[in-house]
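Input: a single structure, listed below in structure tokens.
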Amino acid sequence: MTHWLQVVVQTPAHSGVGGPLTYRSELPLAAGTLVRVPLGTRETLGVVWQGADALADGPPEGMDAARVREVSGVLDGIAPLNAGWRQLAGFAAHYYQRALGEVALSALPPALRDLSATQVARRLKRLAAGATTAAPGPTSVTPAPLATSQEQTGALAEIEAHAGPLLLFGATGSGKTEVYLQSVQALLTRDPAAQALVLVPEINLTPQLEARFIARFGPERVVSLHSGMTPPQRLNSWLAAHAGQARIVLGTRMAIFASMPTLKLIVVDEEHDPSYKQQEGARYSARDLAVYRARLEGAKVVLGSATPSLESWHRSRPAEGDAADGPSRGKYLRLHMPSRIGDGQLPRVRLVDMTRQPPRTVLSPPLMDAIGRKSQCPHCSAFRVFHKIDRTLRCHHCGFAQRVPRACPDCGNLDIAPVGRGTERLEEHLAELLAGVRRPGSVTPA
């Protein structure tokens, strides 16, 4: 029996083909099934967008059935992409005015496009074997939360009580990451089958966050998704999330399209960061899609930032007539954590009027004084000089010498380094430049 399918494939941008293409199949494939189909002279990966039940009467009217090509193969071991994922891809394509195939196929790991059904089956077998060995369960969550401050406790209570979206407006060092960790832990304790997605703006933020999540929840439950991974790594992480084996997915903006069938919580850290906007190919804002996906799939979304974007700040505004610091009445619930954890103090900010500085001044004198501290000799009016060979500060006027301090004597900052172009630095630089130059009369050893 012949079944007619609507399949989405990735077509060239100039082709004018933006929607699904019609194929026939001997099997009644469900919507969301991953298949390999012929396209021109090549074979490509496709997603069944409308299954056999939607086209039970035959191909669309006016189409020559004899010219409809047949599906080449089915990636059997991979469960169909659910309706929520397909709706997310469809919304992104429509809203950002891109071809449906471009959005849907670019959201899948690249390795899927090149692997045959047999190769995918072998990879799934290895993944299942690893899941059996790890044997994750409700008891694998490590109950090791840190003690929370009053502000953190209040924010956690609000996150538990409200459906969202929520804007966590927390100062730098206020403990937003611990709020994320405990929100995920509360979710998994309440529903061990649930999944959480945590987005970060940059790849270099992923390893340190991954280490904290693995320490809290165990390596079998946490995977990462970002462009810095190799194709096999991305495929393994995507398959683990798609199969429900991975309960927590950490990633950059591309992870917003991760297939997570039991998604219940989305966290967007540093939600103001422009890196959440894809600027090449199919353009989109991962932060905005996170809010849409949470509403679509009945999940909760938490946007966190010390400097929220104007859009999120406006959407979490109080009602007209309320005090500026009153309860939030906008579309988002605003949670405020203004204090740092422990004894940490916010840096003191001093404004410098640049109109009162000399013409063409780029860095003001107060800023230069703050950047470059001069080590003045306590016994005379001269400044001491750094000597690298014994790491001392010496006064060339009176001879007073002292070891280099471990921290700045004025502010206590440990991040200190020598600046300037002294004779030792010039000597090192000359040695680098002239490393391959022989002295006159020198003999090269045999």
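Please give the contour-minus-distance gain from residue 368 to residue 431: 0.36 nm per residue of separation, less the Cα-Cα distance, rounded to one decimal in nm.
Values: separation 63, 0.36 × 63 = 22.68 nm, distance 3.02 nm.
Fully extending the segment from residue 368 to residue 431 adds 19.7 nm.
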Too-long pairs where the Cα-Cα distance tops 31 Å, listed order kept, from 125/264; 277/300; 125/300: 125/300
Give me the extension gain from residue 396 to residue 380: residue separation times 0.36 nm, minus the current Cα-Cα distance, reported in nm with one decimal. 4.7 nm
Of the stretch 76-120, those with amide N under 16 Å from the point 7 Å along the Cα→Cβ vector of residue 26 are 76
Does the stretch 217-299 classify as rounded, prolate or oblate by the C-alpha gyration tensor (a ≥ b ≥ c root eigenvalues; a/c under 1.5 gives rounded; else a/b over b/c gives prolate, otherwise oblate)? oblate
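May I ask you to compute the full-extension gain from residue 279 to residue 357, defined as 0.36 nm times their residue separation minus their alpha-carbon distance, rounded to one decimal in nm? Mind dumping the intermediate values first?
On the way: separation 78, 0.36 × 78 = 28.08 nm, distance 3.85 nm.
That works out to 24.2 nm of additional length.
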Once phi is turned into θ = phi - 60°, what whole-Hz ³J(HN,Hα) does the Karplus curve with 6.51, -1.76 and 1.60 give for every residue of the stretch 196-207, x standing for Gly and Pro? 10, 10, 10, 9, 10, x, 10, 4, 5, 8, 5, x
Using a Förster distance of 41 Å, the FRET efficiency for residue 63-residue 311 (Cβ separation, nearest 0.05): 0.40
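Where a number appears in this text, it was derived from the coordinates with a stated rule and is not lab data. Only a predicted model underlies this, so the values are computations on that prediction, with no experimental measurement involved. For neighbour counting, all protein chains shown are included, and Cβ atoms are generated from backbone atoms with ideal geometry for every residue, glycine included.
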